[in-house]
1. Quickly run through region B:344-358 and pick out the residues that are aliphatic (A, V, I, L, M) and either within 18 Å of residue A:65 (Cα to Cα) or at the interface with chain A (Cβ under 7 Å from one of its Cβ atoms) (or both).
2. For residues that are free of Cβ contacts under 8 Å to residues at least 24 places away in the same chain and more than 7 Å from chain B (Cβ to nearest Cβ), scanning just region A:142-179, find the one that is least open to solvent (accessible area, probe 1.4 Å).
3. Based on what the data block shows, is residue B:143 hydrophobic (A, V, I, L, M, F, W, C) and either open to solvent by 30 Å² or more (accessible area, probe 1.4 Å) or modelled with pLDDT under 90 (or both)?
4. Just to be sure before I move on: is residue A:146 in the same structural domain as residue A:68 (by TED's automatic domain parsing) and within 16 Å of the ligand (Cβ to nearest atom) in the structure I sent?
5. Condition test on residue B:100, is it of a type outside the set (Gly, Ala, Ser), away from chain A (no Cβ under 14 Å) and in contact with a Leu (Cβ under 9 Å, 6 or more places away or on another chain)?
6. Which helices (runs of 4 or more DSSP H) sit wholly inside region A:1-94 and have at least 2 residues that are among the hydroxyl-bearing types (Ser, Thr, Tyr) and either at pLDDT 90 or above or open to solvent by 50 Å² or more (accessible area, probe 1.4 Å) (or both)?
7. Looking only at region A:200-217, filter to residues that are over 20 Å from residue B:348 (Cα atoms) and among the hydrophobic types (A, V, I, L, M, F, W, C); which one of those is surrounded by the most Cβ atoms within 10 Å (Cβ to Cβ)?
8. I need the full set of residues from region A:102-126 which are surrounded by 21 or more Cβ atoms within 10 Å (Cβ to Cβ), assigned to a loop (DSSP other than H, G, I, E, B) and more than 7 Å from chain B (Cβ to nearest Cβ), in order please.
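The values are calculated or read from the model by the stated rules, or taken from the named source; none is laboratory data. This structure is a prediction, so every number in the text was calculated from the model and none was measured. All Cβ positions, glycine included, derive from the backbone under ideal geometry; neighbour counts span all protein chains shown. Surface areas here come from the heavy atoms of the whole protein model, side chains and all, with no ligands, DNA or RNA. Shrake-Rupley method; radii C 1.70, N 1.55, O 1.52, S 1.80 Å.
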Amino acid sequence: MTTNKHKERVDTSRRGFLGAAAVVTTVTVAPGVVLHRLAVAEPRSEAVTSDVRWGMLIDSTKCAEGCDACVTACNRENGLDLQKQPKGEDADQQKKWDRQAAKWIRIVKVKDNLTGHESRLPMMCQHCEHPPCVDVCPTGASFKRADGIVMVDRHTCIGCRYCMMACPYKARSFIHETVDTKLTRAPRGKGCVESCNLCVHRRDNGTPSTACADACAAQGQGAILFGDLKDPEGPLMKKLTTLSSRQIREDLALDTGVRYAGV
Amino acid sequence: MKRIVYREWRLAPQRYWGLLAILAVVAGLGGLAFAYMEHEGHWVTGMTNQVVWGTPHVFAVFLIVAASGALNVASIGSVFGKTLYKPLARLSGLLAIALLAGGLLVLVLDLGRPDRLVVAMTTYNFRSIFAWNIFLYTGFMVIVIAYLWTMVERKGHPYTKPVGFFAFVWRLALTTGTGSIFGFLVARQAYDTAVMAPLFIAMSFAYGLAIFLLILLFALDQDGRPIGKFVLFRLRNLLGIFIGAVLFLVVIYFLTKLYGAKNYDLVAFYLADGGIYTILFWFVWILAGSLFPLGILFHPELSKSRAWIASACGLTVVGGLASMYVIIIGGQAFPMQLFPGKTILESGFYDGVGGAAAAYAPSLPEILLGIGGVAVALLITAVGIRVLQFLPESLADRDVVDHHVVRV
Ligand code: SF4
């Protein structure tokens, strides 16, 4: 009940905001112009530098059973909750649609085969230093920014899905449907591939943290710590030096930007 | 030594146009399927975020692999100096181009953004094997066209051998490149092995030759041109050897996978408990698509019959499609090892909970698109042999054998 109320409240407020700022656009030419103007008007004059490398530490021991605040927050932040099932109400179609809808972050629960130790953790793009998706992409649409964020250039992605085949974390999603409604900060289009970009719009606007980390902190869990992997004095590096952590699929030696503790 | 005479395919007009009409309809259906998928998006297909390459890739990769194999007959003729195969070289080259065109078409039309083909042709990431393949494929077309020219045009004859050699090397690179598309996917257990490239080369030899033989037999039969035992049995034996090579490499594949305990699950998935993939593997690929044809091709009686040889070829093609399905789709359906040594209990993104395979069922538009690609390849071939002098007038023993003996 509480969650429902919470959702309603947020939804209405968001709708108001969207209406006012004309952030939700439909896929027509005119909004494209608006979009363009907005983008140009943004104060993003500073170039992305390699002085920072964005990353995260996820403490799975703090990830609370039954919570999915990070997933909900990510969906809202990046407009993933605006995805609509195109057609077909029958159960089979619905099931298939659930496997086709884009997800940037998901909760995974694993059990160690030997010890039986269980852990619960959010999984998303691991923002590798040596990302296989970037290596395989024929057009270079899949790229790594100077600040370590791995993302897709929507304008050169041809939708071949080779990056999805190459990603060891299954972090990427293909947009299977026509997109009518989307957010300016998270453009989306049929036939392209996308994945977690560490809330890149926040980076470019100078907003701290990511939606998932904020939501987790707001729930009181604080399992997700976002920060700069190159800043030895920063909270992320400080935590990483004290808490033992690991990379998922360490064997692939990809030097991931997202690290896990307690897995 | 007799001169080889090439003639256009002289099928009665009604039959010929009827054949073209059928092929055009099938290709048209593929086109409609594409228009539908392009308009709606990939949600109308069986593809998901878990199985991202579906049935179109099965057909596309099959056709591309078969294309390079179809060129073999020409290569044996001009590169290895076996004059017996020379009369077949033109058809072999044409078929290589046709199959490649059909396969590439399917591949491109299955892109999320086929309208951005220009981007793919102008923006390259040279670390990507996919980008290299774009060069390998277009280069192959150009070289084979040049190769055909050297064969057809008198002035070109002196270059047949060097160009043919170049085409042969290029085709090996092309198949290696295609196989490597999978070989580079270190994260996917099924593909992460060096056997992938030789396996694809052997497959290309077998599938390409099977298609070549089928088309050759059909074309000759339709306008009553003879084919003698000598040529036919040579090609038949060759096909048998190629099928055997594929089987051998499949065994090697599983042996290398069994070498490390971490792949036991994968081997069991393919061989024992993979459901549809296990069934396709054993019954369609291995039994119907490899062992049956081998049995026919080396049977003392059946191996002498044209009809039986043709059925062996047909079975090889069916087995070939099954092999692609097992490799491409089965390899994706098998859950990726996100957490080695751990079992996934729950997941919000279908990460193989409890080792479950990802679901995939081919949709009608996907199948139509794939078959459409085959129809386009056949259409190109049918038009090619009709308007160009590509088919030898006769492959009867008396017309080819002494020719052969003279050289050997
Ligand atoms: S789907 Fe797009 S981003 Fe991914 S490899 Fe293909 S072109 Fe690159």
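1. B:344, B:345, B:353
2. Top of the filtered list is A:153.
3. No; evaluated as a whole, the condition is false for this residue.
4. It is false that residue A:146 is in the same structural domain as residue A:68 (by TED's automatic domain parsing) and within 16 Å of the ligand (Cβ to nearest atom).
5. Considered against the rule, which asks whether it is of a type outside the set (Gly, Ala, Ser), away from chain A (no Cβ under 14 Å) and in contact with a Leu (Cβ under 9 Å, 6 or more places away or on another chain), residue B:100 comes out as yes.
6. Passing ranges, in order: A:2-21.
7. Here the answer is A:200.
8. Across region A:102-126, the qualifying residues are A:102, A:104, A:105, A:124, A:125, A:126.
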